[in-house]
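Beneath this line is the structure, given in structure tokens, with notes to follow.
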Amino acid sequence: MKLLFDQNLSPSLVKRLTDLFPESSHTELAGLAQNNDRSTWQFCLKEGFVLVSKDSDFGFLAAERGAPPKAIWIRLGNCTTDEVEMAIRRDMDVIGAFEEDSEIALLIVLPSR
């Protein structure tokens with residue numbers, strides 16, 4: 001699975017998670033920092049990325065349009081990059097199942113209970 005981290009997440013996540021998602025990128029690295037949500041969505045569709053964002057707009061696009069592409073909505077509130085990384089690592093089993101299910105377009109990552 002290739003993840004594209006949105007501009008509201010740290011570009012350092014690409015390197016931090018390279019052991020799990022080696023083909024991932026960030027909107028800044030992909031030259032998309034100035035793009036609107038719909039063009040970023042189209043890039044993910046064309047290039048086979050799963051979009052990872054804290055932005056609810058991508059969650060709504062995924063719910064409205066369905067997959068592909070897919071979106072992972074990080075709902076951790078104000079948090080550090082370490083906390084985002086830990087949440088993704090914690091939910092790897094769920095993320096793997098999400099990747100395999102062609103019917104599901106949106107995965108919401110919540111704080112641990």
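So which of K15, K54, K46 is of a type in the set (K, R), surrounded by 14 or more Cβ atoms within 10 Å (Cβ to Cβ) and within 16 Å of L3 (Cα to Cα)?
Within the list K15, K54, K46, the selection yields K54.
So K15 passes all but one of these: (1) in contact with a strand residue (DSSP E or B) (Cβ under 8 Å, 6 or more places away or on another chain); (2) part of a helix (DSSP H, G or I); (3) farther than 15 Å from I74 by Cβ. Which condition number does it fail?
Failed condition: (1).
Of the conditions (1) out of contact with any Leu (no Cβ under 7 Å at 6 or more places or on another chain); (2) surrounded by 17 or more Cβ atoms within 10 Å (Cβ to Cβ), T27 fails just one. Which one is it?
The one condition T27 does not meet is (1).
Among the listed residues S39, S10, which satisfies the condition of being under 14 Å from the mean Cα position of the chain (by Cα) and either touching a residue at least 24 places away in the same chain (Cβ under 8 Å) or not in a loop (DSSP other than H, G, I, E, B) (or both)?
S10
I'm trying to understand the selection: among the residues of the stretch 24-34, which are assigned to a loop (DSSP other than H, G, I, E, B) and over 14 Å from P69 (Cβ atoms)?
Of everything in the stretch 24-34, those that are assigned to a loop (DSSP other than H, G, I, E, B) and over 14 Å from P69 (Cβ atoms) turn out to be E28, L29, G31, A33, Q34.
The numbers here are math on the coordinates, done by the rules we state, and not lab data. Keep in mind the model is a prediction, meaning the values are calculated, not measured. So basically every Cβ, Gly included, is an ideal-geometry build from the backbone, and we count neighbours across all protein chains shown.
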